[in-house]
1. Give me the pairs, please: first residue somewhere in region 111-137 and small (G, A, S), second residue anywhere and surrounded by 11 or more Cβ atoms within 10 Å (Cβ to Cβ) and in a loop (DSSP other than H, G, I, E, B), beta-carbon distance under 9 Å, and either six or more positions apart or on two chains.
2. Just name the residue that is farthest from D72 (Cα to Cα) out of those in region 136-193 that are surrounded by 20 or more Cβ atoms within 10 Å (Cβ to Cβ) and more than 13 Å from the chain's Cα centre (by Cα).
3. Being in a helix (DSSP H, G or I) and modelled with pLDDT under 95 is true for just one of W75, W19, W63. Which residue is that?
4. Please go through region 42-51 and pick out each residue that is in a helix (DSSP H, G or I) and either hydroxyl-bearing (S, T, Y) or in contact (Cβ under 8 Å) with a residue 60 or more places away in the chain (or both).
5. Which one is surrounded by the fewest Cβ atoms within 10 Å (Cβ to Cβ), of the residues in region 194-205 that are out of contact with any Lys or Arg (no Cβ under 7 Å at 6 or more places or on another chain) and in a helix (DSSP H, G or I)?
6. Would you point out which residue out of P179, P118 is farther than 24 Å from Q27 by Cα, outside any strand (DSSP E or B), at pLDDT below 95 and not basic (K, R)?
7. Just one of the numbered conditions (1) under 26 Å from A186 (Cβ atoms); (2) buried (at least 20 other Cβ atoms within 10 Å of the Cβ) is not true of L104; which one?
8. For region 52-107, name all the residues that are of a type in the set (A, V, I, L, M), free of Cβ contacts under 8 Å to residues at least 40 places away in the same chain and closer than 19 Å to A36 by Cα.
Amino acid sequence: MNPTLTAQPLLTPEQQTAWSAALDLAQSCEVDARHAQQVTRLSLRLFDLLTQLHQLGSQERFWLQCAAVLHDIGWLEGWKGHHKATLQIILNTHLLPFDARTRLIVGSIARYHRRALPSQKHDHYAALAPAEQHVVGQLAAILRIADGLDRLHQNTIADLEVQIGEKKVTLRCGVLTRPAAEAEAALDKADLFEQVFNRKVKLVWKLVS
């Protein structure tokens, strides 16, 4: 996998070491590299465009970056429940130079890329402080939409722009071909976003050359 997919802000030396380790782990788990890169790119693009809403910084951006590139590593153990397997790998692997708290945060973000929303019934989530839980919810909400926008693993989305309103967030998607599954998946997975940010999500598609 290509570590050059990182974007501004530049990573600290410690983050760069952790990022390289995350890329190595993703590769060792035989993830779909193009999908992982696309979801990471879209996640970071959304994070940057939505700063007005989440008001998070470079540390949280890096957590999202790592969670995005690792979100499918649980496929190593099969498709069913792979989001839960992803969490367990992140929590237990010796390959990631994260402390226990960072493992919980990154693992939780990745775990919530599909299926159930964050819940106090989940031990890994309940172990976090309320402020950390809020961050996990915000970042997982972004990751869910980014993953939905590459539902078929075909890199259909070329670019994103965002319009933020009081009751609605419009995602303007530049696409290479007319979307099918991506449109439905992104809206289905916008449930957490709408809960966390208290705004409906609207998708607008524009063909680009």
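1. Close Cβ pairs (under 9 Å, with a partner that is surrounded by 11 or more Cβ atoms within 10 Å (Cβ to Cβ) and in a loop (DSSP other than H, G, I, E, B)) amount to A116/H122; G137/Y112; G137/L117; G137/P118.
2. Applying the filter and picking the extreme gives V169.
3. Numbers: W19 fails: modelled with pLDDT under 95; W63 fails: modelled with pLDDT under 95.
Sole residue among the options that is in a helix (DSSP H, G or I) and modelled with pLDDT under 95: W75.
4. Step one: of region 42-51, the residues in a helix (DSSP H, G or I) are 42-49, 51.
Of everything in region 42-51, those that are in a helix (DSSP H, G or I) and either hydroxyl-bearing (S, T, Y) or in contact (Cβ under 8 Å) with a residue 60 or more places away in the chain (or both) turn out to be L42, S43, R45, L46, F47, L49, T51.
5. Ranking the candidates gives Q195 first.
6. Values: P118 fails: at pLDDT below 95.
When all the criteria are applied, what remains is P179.
7. (1)
8. Just the residues of region 52-107 that are of a type in the set (A, V, I, L, M), to begin with: 53, 56, 64, 67-70, 73, 76, 85, 87, 89-91, 95-96, 100, 104-106.
If we keep only those that are free of Cβ contacts under 8 Å to residues at least 40 places away in the same chain as well, we get 85, 87, 90-91, 100, 104.
Answer for region 52-107, where residues must be of a type in the set (A, V, I, L, M), free of Cβ contacts under 8 Å to residues at least 40 places away in the same chain and closer than 19 Å to A36 by Cα: A85, L87, I90.
The values are calculated or read from the model by the stated rules, or taken from the named source; none is laboratory data. These figures come from a predicted structure and were not determined experimentally. Note: ideal-geometry Cβ built from the backbone for every residue, glycine included; neighbour counts use all protein chains shown.
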